[in-house]
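Written below as structure tokens is the structure these notes are about.
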Amino acid sequence: MAVFGTGTGRLPIQRNSLREQISGALREELMSGRLPAGSNFTVKEIAELYGVSATPAREALVDLAAQGLLRAEHHRGFTVPELAWSDFLEIFEARTLLTDSAFRQLAHRPGATDPGRLDPGRLGSLRRRAEAASRAVRAGQLDVMVGCDRRFWQGIAEFLENRRIAEYLDWLRVQSWMFAAPYLRAGGDLAGVCWDRQPELVELIAAGDVAGARRLMDGYNLFTVRLLASLTGESLDSVAVLPLLTGGEGA
């Protein structure tokens with residue numbers, strides 16, 4: 001049986017949507033590194049852990065396996081896959097190229113640079129998400145950080161106005177955290193270690209400064225890959241998109 005984190009970081013299970021809630025709870029366990037690579041568990045164990053029947057537990061596990069976040073083992077339940085540096089590079093390259101292209105296209109969209117185009121309610125929600133993510137980073141609270149970070153970037157992706165791009169970026173982010181979290185946990189005190197300029201990015205978007213937002217995104221991506229290379233002892237020479245982030249186009 002896999003060793004799970006304490007209840008303080010576990011999402012509550014709501015009876016009105018067991019499948020989604022179990023899937024969400026396990027996803028956060030994976031993202032935070034509380035459920036590390038190689039962990040193996042059965043449907044029965046998950047059902048007992050969350051106090052539900054086998055059906056929603058199985059459906060949640062199958063959903064996560066279909067997303068590539070778990071690996072189904074014949075007669076052995078489900079196993080958390082191990083992501084290597086090469087896997088992270090593919091994730092990082094896809095995320096970098098997609099976000100850079102999306103922000104470039106957004107800059108040419110009619111009204112994109114008009115500060116008055118944004119819905120105040122959505123903007124206010126995004127500002128709150130940004131502050132929550134930044135506070136978690138400064139406090140070094142990894143278990144809180146992963147959830148706040150994901151919700152913040154989901155909010156940012158909404159401004160791209162392309163649901164498929166937003167969903168794909170979210171999928172990449174979950175995997176990125178699955179790779180990064182164990183290294184961050186092993187690094188000791190995390191206060192101020194990760195990127196905390198989320199509020200600044202929101203204000204650039206609010207001001208209609210799409211070019212400035214893209215440059216800050218480049219800076220964020222560069223910060224991320226440098227941090228992970230340092231934590232893993234890997235070389236930046238293997239990062240194919242590095243020239244995009246460090247050249248005239250980068251932050």
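Output the residues belonging to the range 175-210 that are aliphatic (A, V, I, L, M) and closer than 15 Å to L142 by Cβ.
Step one: filter the range 175-210 for residues aliphatic (A, V, I, L, M), giving 178, 180-181, 184, 186, 190-191, 193, 201-202, 204-207, 210.
Within the range 175-210, M178, A180, A181, L184, A186, L190, A191, V193 meet the criteria.
For the range 138-153, enumerate the residues that are among the aliphatic types (A, V, I, L, M) and closer than 18 Å to V202 by Cα.
Kept after step one, since they are among the aliphatic types (A, V, I, L, M), are these residues of the range 138-153: 139, 142, 144-146.
Matches in the range 138-153: M145 only.
Being surrounded by 20 or more Cβ atoms within 10 Å (Cβ to Cβ) and of a type in the set (D, E) is true for just one of D196, D189, D170, D149. Which residue is that? Can you show your working first?
Values: D196 fails: surrounded by 20 or more Cβ atoms within 10 Å (Cβ to Cβ); D189 fails: surrounded by 20 or more Cβ atoms within 10 Å (Cβ to Cβ); D170 fails: surrounded by 20 or more Cβ atoms within 10 Å (Cβ to Cβ).
When all the criteria are applied, what remains is D149.
This table checks each residue for (1) in contact with an Asp or Glu (Cβ under 9 Å, 6 or more places away or on another chain); (2) touching a residue at least 60 places away in the same chain (Cβ under 8 Å); (3) on the phi < 0 side of the Ramachandran plot.
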| residue | (1), (2), (3) |
| --- | --- |
| A136 | yes, no, yes |
| F152 | no, no, yes |
| L160 | no, no, yes |
| Q175 | yes, yes, yes |
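Conditions (1) at negative phi; (2) within 19 Å of the chain's Cα centre (by Cα); (3) crowded, with 19+ Cβ neighbours inside 10 Å, marked per residue:
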residue	(1), (2), (3)
R76	yes, no, no
T79	yes, no, no
D87	yes, yes, no
F92	yes, yes, yes
P110	yes, no, no
G121	yes, no, no
G124	yes, no, no
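Only helices (runs of 4 or more DSSP H) wholly contained in the range 67-159 count here; list those with 2 or more residues that are aromatic (F, W, Y) and more than 18 Å from S32 (Cβ to Cβ).
Details: elements: 85-107, 120-139, 142-158.
Those helices (runs of 4 or more DSSP H) span 85-107.
Bear in mind that the values in this text are calculations on the coordinates, not laboratory data. Everything numeric in this text was worked out from a predicted model, so none of it was measured. Glycine also receives a Cβ, built like all others from the backbone with ideal geometry; neighbour counts cover every protein chain displayed.
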